[in-house]
Amino acid sequence: MPDYDVIIVGGGPAGSTAARRIAQRNLNVLLLDKATFPRVKPCAGGMTDRVRNVLDFSIDEVVQRRSFGQRVYSPSGDIVDCTRPVTTGDLLMRGDFDTLLLRKAEEAGAKVREGVNVVNAEQDADKVTVTTSEGERIEAKYLIGADGINSVVAKSLGFYKRWSAKDAAICIEIEAEVGEEAVERICGVPYEEKGVAVHIYFGPVPFGYIWCFPKKSILSLGAGCMQAKAKNIKGLFNKWFEDFKEKHDIDPKIISDTAARVPYSGAVKKTVIGRTILIGDAAGFVYPFSGEGIVLGVQSAIIAAPILEKAVANSNPRILTEFEKGWKQAFGSDLKVAKSTADLMFKSEKNLNTILRLAYEDQVIGDIMYKMIAGLDSYKNLQRQQVKRILTKHPRAGLSLYI
């Protein structure tokens, strides 16, 4: 008999959530991650309240601040104020958040092994087997690949060979210690003392943006763009950062300097093969417009858990095909719409300026952008509202987006 009911490779939000939900169903689950937690994770550390809404426990202990929205800067210099006197998301350090989720999985009964590097996966009609860098072979009835864009599970089992440069994005990030006063001075909002907003800068890097996410005394500053267009992204970011430091009169201490790739094109063609499921970044579950992937990783894990329970109970791997139907119904349409929105917006600097100018001048379009970034409605509904508003109130500008 296999050693476990389910093995999960990858201990990020998707993998840890899957381990917790599966363990809560009294299955024997093992989670493996090559890192030792807490670990530094290239991520702005901002989450919409959609994440809170799908988790079954509080994350307040790791939240450093709440966000009152966003300020969006266009290439031409317009500032679209998407802040409101209500909070819509959490600002935290990913290392803290991921560690919390991992420990919650352990508390639920999942076995967690850190510092274990999986280098291969295989499966047959009866079981799955993963092999570690130390030569250890571990067997289970089913396998979840939650090991990110460079997924060993996906590559070993033929889900895909690699992500092309046009299907992936490059992200670089630094964590800059500037002190609480500077954080509130740079990112403050008028709605509440010590309240802050996220800042998004379009224009400094092509086919992407630069971000400034405030934490308690740290600014998470980074840049992301499509990998195929990522020419000298580090140099462009450094130039922007020098201007940023001068403008705000700060001399920060750099705590970390990291880089990573994330999916850009949306979900992969197959997320189930045999006895294996892909979730989170490994499956391409990232919104291309915003780069938000945590909520989809958590959602995909929650969808997978009862399906795996059913497959174990019935000794029937064909049941895993229900996962494809589940995630497509839950957020498949949104992923496609988010991709089309990103493609249109990042088509050219002209398009960026046009869309952001309309949001700057038209309060209705500005409200739609606020809801889109804050995750207050589906991309599908918001895109429909935005297109209708642009074509009825700004038809010439709307047509120019497609020329």
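The values are calculated or read from the model by the stated rules, or taken from the named source; none is laboratory data. Note that the structure is a prediction, hence the values are computed from the model and not measured. Cβ: placed from backbone, ideal geometry, glycine included. Neighbour counts: every protein chain shown.
Going through V178, V153, V183, V189 one at a time, which residue ends up being surrounded by 22 or more Cβ atoms within 10 Å (Cβ to Cβ), in the same structural domain as F241 (by TED's automatic domain parsing) and either basic (K, R) or in contact with a Ser or Thr (Cβ under 9 Å, 6 or more places away or on another chain) (or both)?
Values: V178 fails: surrounded by 22 or more Cβ atoms within 10 Å (Cβ to Cβ); V153 fails: in the same structural domain as F241 (by TED's automatic domain parsing); V189 fails: surrounded by 22 or more Cβ atoms within 10 Å (Cβ to Cβ).
None of the others qualify; the one that does is V183.
Can you name the residue in region 1-55 that is of a type in the set (K, R) and within 20 Å of I373 (Cα to Cα) and is also surrounded by the most Cβ atoms within 10 Å (Cβ to Cβ) among such residues?
The initial filter retains those residues of region 1-55 that are of a type in the set (K, R), namely 20-21, 25, 34, 39, 41, 50, 52.
Among the residues that remain, those that are also within 20 Å of I373 (Cα to Cα) are: 50, 52.
Details: R50: 19, R52: 16.
Among residues in region 1-55 that are of a type in the set (K, R) and within 20 Å of I373 (Cα to Cα), the one surrounded by the most Cβ atoms within 10 Å (Cβ to Cβ) is R50.
Across region 258-279, which residue is nearest to the chain's Cα centre (by Cα) among those that are over 16 Å from R162 (Cα atoms) and outside any loop (DSSP other than H, G, I, E, B)?
Among those residues, the one meeting the criterion is A259.
Filter region 14-63 down to the residues that are touching a residue at least 60 places away in the same chain (Cβ under 8 Å) and among the acidic types (D, E), then identify the one that is nearest to L308 (Cα to Cα).
Residue satisfying both the conditions and the ranking: D33.
Hey, among the residues in region 57-93 that are within 19 Å of the chain's Cα centre (by Cα) and in a loop (DSSP other than H, G, I, E, B), which one's surrounded by the fewest Cβ atoms within 10 Å (Cβ to Cβ)?
It comes out as I59.
Working only within region 131-150, note down all residues that are of a type in the set (D, E) and crowded, with 23+ Cβ neighbours inside 10 Å. Even if it seems obvious, please write down each step before you answer.
Start the filter on region 131-150 by keeping residues that are of a type in the set (D, E), which leaves 134, 136, 139, 147.
The one that is of a type in the set (D, E) and crowded, with 23+ Cβ neighbours inside 10 Å: D147.
Just checking: which of the strands (runs of 3 or more DSSP E) contained wholly in region 129-248 hold 1 or more residues that are within 28 Å of R66 (Cα to Cα) and in contact (Cβ under 8 Å) with a residue 40 or more places away in the chain? Walk me through how you get there before you give the answer.
On the way: elements: 137-145, 168-177, 196-202, 208-214, 218-226.
So the answer is 168-177, 196-202, 208-214, 218-226.
Name every residue in region 134-150 that is under 13 Å from V272 (Cα atoms) and not β-branched (V, I, T), in order of residue number.
If we filter region 134-150 for residues that are under 13 Å from V272 (Cα atoms), which is where we start, we get 142-146.
Selection gives Y142, L143, G145, A146.
So I255 fits all but one of (1) free of Cβ contacts under 8 Å to residues at least 60 places away in the same chain; (2) surrounded by fewer than 19 Cβ atoms within 10 Å (Cβ to Cβ); (3) not in a helix (DSSP H, G or I); what number is the exception?
(1)
Which number in (1) touching a strand residue (DSSP E or B) at 6+ places or on another chain (Cβ under 7 Å); (2) surrounded by fewer than 19 Cβ atoms within 10 Å (Cβ to Cβ); (3) within 27 Å of D5 (Cα to Cα) marks the one condition that V128 misses?
With respect to (1) touching a strand residue (DSSP E or B) at 6+ places or on another chain (Cβ under 7 Å); (2) surrounded by fewer than 19 Cβ atoms within 10 Å (Cβ to Cβ); (3) within 27 Å of D5 (Cα to Cα), V128 is out only on (2).
Does any residue of region 99-117 turn out to be crowded, with 22+ Cβ neighbours inside 10 Å, assigned by TED's automatic domain parsing to the domain that holds G280 and either in a strand (DSSP E or B) or small (G, A, S) (or both)?
Looking through region 99-117, at least one residue is crowded, with 22+ Cβ neighbours inside 10 Å, assigned by TED's automatic domain parsing to the domain that holds G280 and either in a strand (DSSP E or B) or small (G, A, S) (or both).
K371 fails exactly one of the following numbered conditions: (1) basic (K, R); (2) closer than 30 Å to T271 by Cβ; (3) surrounded by fewer than 16 Cβ atoms within 10 Å (Cβ to Cβ). What is the number of that condition?
Result: K371 fails condition (3) only.
Just to check your reading of the model, which residue among L399, L391, L382 is in contact with a helix residue (DSSP H, G or I) (Cβ under 8 Å, 6 or more places away or on another chain), in a helix (DSSP H, G or I) and more than 23 Å from V54 (Cβ to Cβ)?
Details: L399 fails: in contact with a helix residue (DSSP H, G or I) (Cβ under 8 Å, 6 or more places away or on another chain); L382 fails: more than 23 Å from V54 (Cβ to Cβ).
None of the other options fit; the residue is L391.
Quick check on region 383-397. Is at least one of its residues within 30 Å of R25 (Cβ to Cβ) and touching a residue at least 12 places away in the same chain (Cβ under 8 Å)? Steps first, please.
Quick first cut of region 383-397, residues within 30 Å of R25 (Cβ to Cβ) only: none.
Scanning region 383-397 turns up no residue that is within 30 Å of R25 (Cβ to Cβ) and touching a residue at least 12 places away in the same chain (Cβ under 8 Å).
Limited to region 1-29, what total is found for residues that are part of a strand (DSSP E or B) and either in contact with a helix residue (DSSP H, G or I) (Cβ under 8 Å, 6 or more places away or on another chain) or within 29 Å of I174 (Cα to Cα) (or both)? Break it down stepwise before answering.
Going residue by residue through region 1-29, those that are part of a strand (DSSP E or B) are 4-9, 29.
Keeping just the survivors that are either in contact with a helix residue (DSSP H, G or I) (Cβ under 8 Å, 6 or more places away or on another chain) or within 29 Å of I174 (Cα to Cα) (or both) gives 5-6, 8-9, 29.
Selection size over region 1-29: 5.
Name, by its number, the condition in (1) on the phi > 0 side of the Ramachandran plot; (2) touching a Lys or Arg at 6+ places or on another chain (Cβ under 8 Å) that does not hold for T129.
Against the list (1) on the phi > 0 side of the Ramachandran plot; (2) touching a Lys or Arg at 6+ places or on another chain (Cβ under 8 Å), T129 comes up short only on (1).
Answer yes if at least one residue in region 339-358 is touching a His at 6+ places or on another chain (Cβ under 7 Å) and aliphatic (A, V, I, L, M), and no otherwise.
Taking region 339-358 and keeping what is touching a His at 6+ places or on another chain (Cβ under 7 Å), we get 358.
Subset that is aliphatic (A, V, I, L, M): 358.
Looking for residues that are touching a His at 6+ places or on another chain (Cβ under 7 Å) and aliphatic (A, V, I, L, M), one finds at least one in region 339-358, hence yes.
Output the residues belonging to region 213-258 that are within 18 Å of C43 (Cα to Cα) and aliphatic (A, V, I, L, M).
If the condition is that a residue be within 18 Å of C43 (Cα to Cα) and aliphatic (A, V, I, L, M), then I218, L219, L221, A223, M226, A230, I233, I254, I255 are the ones that fit.
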